[in-house]
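The values are calculated or read from the model by the stated rules, or taken from the named source; none is laboratory data. In this text the structure is predicted, and so the values were computed from the model without any measurement. Here the Cβ positions follow ideal geometry from the backbone for every residue, glycine too, while neighbour counts run over all protein chains shown.
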Amino acid sequence: MATPTKRRDGNRRKRHDDQTGLMPVLARTVREVEQAVRRDRVSVTTQHTFQAAALLVRDERQRVKADADMTDAQRTEQLARLDGVATILAETAARRPELLALLVDGADVPKAVESIKRELQVEAGVLSADAPLPVQAKSAGGDDRTAPTPVTVVQAQLANPFMAPDFSVTPPPPRMSKLASWELIGPLLSSFERAPAGAPASMALPEPDSLHTLSGVDLMPHQAGVVEAAREGHRTFLLADEPGLGKTAQALLAADAANAFPLLVVVPNVVKSSWAREAERWLPRRTTTVVHGQGEDVYGFADVIVINYEILDRHAAWLGRHGFRGMVVDEAHFIKSTTSQRSRHVLEIADQVRSRTARPLMMALTGTPLINDVDDFRTIWRFLGWTDEKKPRPELMHALDETGLTPLDPGFFTAARQAVVDRGIVRRRKADVARDIPARRIADVPVDLEGEDGRSVRDAERALVRRLLDRYDHMVKARDEARVPVSADSIDADGIDLALVRRAAAAEREDNEEKNGENVFAMVRRIGKAKAGLAADFTAQLARNVGKVVFFAKHLDVMDIAEEVFAARGLKTVTIRGDQTPAARKAAIDAFINDPDVAVIVCSVTAAGVGLNLQVASNVVLAELSWTDAEQRQAIDRVHRIGQTEPVTAWRVLGAQTIDSRIAELIDAKAGLAGRALDGIDVEAEETDVQLEALVGLLTDALRARLPR
């Protein structure tokens, strides 16, 4: 009887081991990379993860071969499992040639790869989270794993006097503290967990003198308070306003009020274009540059430099010595892990900014509620300079001393929390400032289209423009040969025949409709598919910040892509589609309304645009453009209806630098919308053929672009 019992115990142990250790982590990681490659969504992070997994497979193979404690059977089984993972890696690399280079012996191993490798080892339990980071040796020719400093950045650092360290306002010397011997980080975090209902969540803000800005767009009162605080000398903010309250504008104008230029803005990739556009909108007298890839196009003399987390590692070296006088970190919950690569780079750059400027403007932006996971505050507080790894820094320590209390005193936690809030925490909900904002409004979110779908969109748009130019040129030639008189009203200041432009656009539309070719409708659908993943990623961030979100799309393939992203992000969703039974539709709606775990409802515009009451949410994401404002408004009205207690924000995701943006402008103009704000009043507007006007705009822009300069 003993032997069978032993065999059963061994089987249980083996099944347990299969689910622990490095192998399940490796298997999951390579499958994620494989899926990213199959969906053609290979980012720099995907490449780094691929290389990290390959290195771990090699290391584990060597370890298994050298492990004298293993039996031959165990070693054979483990090597077979590793071969299975290696096969997936090889098949994945075969789909993307650039991945093959990462498998070659002697391939460069960036710091980002070492960091991911370490994180996987920590997750698998084979490495302690406290283990020191590996030290990398530089190659003989220097460290070529990071991007070279852009030429204009070097020129700016050498030429601009404002790049020199600024210690004109020297902070007071540290003083002796009676709390110096206390462990205070834990009690400070605990003070937020213990906060009673209704405890202040925001610092006191001054009353602004004016709501006017140089851009000509007035601020809302709640926004102006933060800007005024920066003007009066406050230099650190954890701006935790709910999405839709204009954190971007507040950060940019606070930098202007504090003269915190050059300003570094670190953001998620999905909102990088949006930040650049907002900087140009709110700071018309300042220059903005965006860091892409290796940074070849960076303008080093810019006042605002925008970079995304994903490429921060390769640019951290020159960013740290660029002489920034301000730094903004958007979606600051991205840096909540103190051991992650992105957090370490953000903290290193922040420390270098403080080392060169006595009182820089430091702003962390996040819509995540303050009482979400208080431990997430650790890295954000360090970024802002309120604490270091072990204790509060002098300003916060002085504020705690001023309370006259210690963690043993009953009133300490309330007073300590207020001391932290006064360092610069600002948290408002839409319901708190409802009087400041429209009952419903549209906010555009431009995104950069990447991957094969993005290239396909750009190729198709270039081909369309070439056809339009050929048609126009042919018509001009025919007009001139026939000596047809031209009306002066038809020729604009650049010599473009506007009448022929409209004829060429109309002919292009008619021909492609007859041939079922690449018309504007087909192109917009292609753009919708290309931005589907980005729109879903933005929605996932929004859902984590504010709760339930309604996601609208026009096409099923866009909805499918979005649901894959939500599943990968661990979000529970339901869907409304045209092929559902009434019972399934009702079950989905009931789950979204009543189940607190359902974060997103994915809706077809045509199937869910009418007849639904979804006012449990106050945020709508429009992943694809509608051709009429009526269709767009119907989607928004699923949330903005009787029973809604908060202002509604519709986030319209647009493909940056594509026809998408032009069509959005035409739809808005057709509806008589003022800017992006909706006041809820239906305005009759002149009937416009949006498709034709989009083609006219494309051709007109192309004709002006080829004029001699």
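Inside the range 356-403, residues that are within 25 Å of residue 196 (Cα to Cα), modelled with pLDDT under 90 and not hydroxyl-bearing (Ser, Thr, Tyr) make up a count of 11.
Comparison of 230, 255 shows that the only residue that is farther than 20 Å from residue 442 by Cβ and either in a loop (DSSP other than H, G, I, E, B) or within 21 Å of the chain's Cα centre (by Cα) (or both) is 255. One residue stands out among those in the range 577-620 that are under 30 Å from the mean Cα position of the chain (by Cα) and among the acidic types (Asp, Glu): the one that is surrounded by the most Cβ atoms within 10 Å (Cβ to Cβ), which is 595. Filtering the range 396-405 for residues that are of a type in the set (A, V, I, L, M) and under 23 Å from the mean Cα position of the chain (by Cα) leaves an empty set. Kindly provide the set of residues from the range 541-565 that are surrounded by 21 or more Cβ atoms within 10 Å (Cβ to Cβ), touching a helix residue (DSSP H, G or I) at 6+ places or on another chain (Cβ under 7 Å) and either of a type in the set (Asp, Glu) or within 19 Å of residue 617 (Cα to Cα) (or both), ordered by number. Passing the criteria: 549, 551, 552, 553, 562.
For residue 634, the conditions (1) surrounded by fewer than 22 Cβ atoms within 10 Å (Cβ to Cβ); (2) within 22 Å of residue 541 (Cβ to Cβ) all hold with the exception of (2).
Condition check ((1) small (Gly, Ala, Ser); (2) part of a strand (DSSP E or B)) across all residues:
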residue: 596; (1), (2): no, no
residue: 603; (1), (2): no, yes
residue: 616; (1), (2): no, no
residue: 626; (1), (2): yes, no
residue: 635; (1), (2): yes, no
residue: 645; (1), (2): no, no
residue: 649; (1), (2): no, yes
residue: 653; (1), (2): no, yes
residue: 661; (1), (2): yes, no
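Just to be sure I understand the filter: pairs with C-beta atoms under 7 Å, separated by 6 or more residues or on different chains, first member in the range 331-344 and in the same structural domain as residue 247 (by TED's automatic domain parsing), second member of a type in the set (Phe, Trp, Tyr) and surrounded by fewer than 21 Cβ atoms within 10 Å (Cβ to Cβ). Which pairs pass? These pairs meet every condition: 342/334. Screening 82, 120, 89 for residues that are modelled with pLDDT of 80 or more, over 30 Å from the mean Cα position of the chain (by Cα) and either surrounded by 11 or more Cβ atoms within 10 Å (Cβ to Cβ) or in the same structural domain as residue 343 (by TED's automatic domain parsing) (or both) leaves exactly one candidate, 82.
Condition check: of a type in the set (Asp, Glu) and touching a helix residue (DSSP H, G or I) at 6+ places or on another chain (Cβ under 6 Å). Does residue 637 satisfy that? So residue 637 fails the test.
Filtering the range 552-586 to residues that are without any contact (Cβ under 8 Å) to a residue 60 or more places away in the chain, in contact with a strand residue (DSSP E or B) (Cβ under 8 Å, 6 or more places away or on another chain) and in a helix (DSSP H, G or I) leaves 556, 559, 563, 566, 567, 585. Picking from residues in the range 197-217 that are over 21 Å from residue 237 (Cα atoms) and touching a residue at least 60 places away in the same chain (Cβ under 8 Å), the one that is surrounded by the most Cβ atoms within 10 Å (Cβ to Cβ) is 215. Determine if the range 423-446 includes at least one residue that is part of a helix (DSSP H, G or I), of a type in the set (D, E, K, R) and closer than 30 Å to residue 233 by Cβ. Yes - at least one qualifying residue is present in the range 423-446. Report yes if some residue within the range 492-507 is surrounded by fewer than 19 Cβ atoms within 10 Å (Cβ to Cβ), touching an Asp or Glu at 6+ places or on another chain (Cβ under 7 Å) and not in a loop (DSSP other than H, G, I, E, B); otherwise report no. For the range 492-507, residues surrounded by fewer than 19 Cβ atoms within 10 Å (Cβ to Cβ), touching an Asp or Glu at 6+ places or on another chain (Cβ under 7 Å) and not in a loop (DSSP other than H, G, I, E, B): present.
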